[in-house]
1. Using only Cα atoms, tell me the angle between helix 193-205 and the longest principal axis of the chain; keep it within 0 to 90° and round to the nearest 10.
2. List 157, 250 from most exposed to least, where exposure is judged by having the fewest other Cβ atoms within 10 Å.
3. Over the C-alpha atoms of the chain, what are the Rg and the largest Cα-to-Cα span, Dmax, in Å?
4. In Å and from the alpha-carbon atoms only, list the Rg and Dmax of segment 134-217.
5. Could you work out how far helix 117-128 tilts from the main Cα principal axis of the chain, as a 0 to 90 degree angle to the nearest 10?
6. What share of Cα pairs, in percent, lie more than 21 angstrom apart in segment 78-190?
7. Stretched out fully, how many nm does the piece from residue 322 to residue 65 gain, at 0.36 nm a residue minus the Cα gap?
8. Using a Förster distance of 35 angstrom, determine the FRET efficiency expected from the C-beta separation of residue 25 and residue 97, and round it to 0.05.
């Protein structure tokens, strides 16, 4: 059982398919975790109750009384109004204009901090991951879509409308493929797992052979299947992923021109599975930039925390909410 004098925090990553919660110490050491599926096509109230249930299971699992929890950090895949503690919009969760932070605080008695999941993810990498020695860091997270975040001097920069670093919707190809946001040629429409899957299916439909379809057409092409096909040298998969890696490389070059960060961290499920193939291509494009700076450019790096990046970032956010910044602590690997 945890001792009463040990400050504890809860980090919650609310995704479109899963809700992951961890109980952690101030060092970032994870004591326990609980993962439940996110209710499918549910309304906001149902999702809210699912979050409450996950937190309850977590406390019960570790036999911790709620009053021992110093604060809770919550990561949401959408636009979060940080000042008001409201979810402005979370398209995949039907949490539009939902006062999540106040509701959790009122119902459970916790101090609650809330942020966008990709913003929170780079906060986690800045605290305990690939950017822990960086003064400024941009995170790019490649998954079903593409999200981003920016930490400078140990603070998240979210912009005037809390919508900064929506990197996935940076237009990179005029009149390119249509994106879920409605624009054409967005970064997300060119290099996300969804875009990679679309292009592989299109190549297969045109008559090209691809090992992904040897046992029939899968409902979803998962990152592990992409990695297996890459390793086997499948021509279609290699071609499509090479193109996606090139787009990510150009996006990193754009970010260097805009922000000139100390570190660019690239994460997400696709990079976890296929990063060894992606990174040399990305690195080559970034280093070939003909526009010089006053110092040698640094290569982008892979995220280190995997699935824990967002929940540990949520813990960092919770600590910051109660003025116990994690960045004042010695660096400790969880």
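1. 30
2. Fewest-to-most ranking of 157, 250: 157, 250.
3. Final numbers for Rg and Dmax: 20.2, 65 Å.
4. Taking only Cα atoms of segment 134-217, I get Rg and Dmax of 16.5, 52 Å.
5. The helix 117-128 is inclined about 80 degrees to the chain.
6. Working: 2828 of 6328 pairs.
That tail contains 45 percent of the Cα-Cα pairs.
7. Contour length minus Cα-Cα distance gives 90.6 nm.
8. Numbers: r = 35 Å, r/R0 = 0.99.
The calculated FRET efficiency here is 0.50.
We did not get these values from a lab; they are worked out from the coordinates using the rules stated. For clarity, every value in this text was computed on a predicted model and none was experimentally measured. Glycine also receives a Cβ, built like all others from the backbone with ideal geometry; neighbour counts cover every protein chain displayed.
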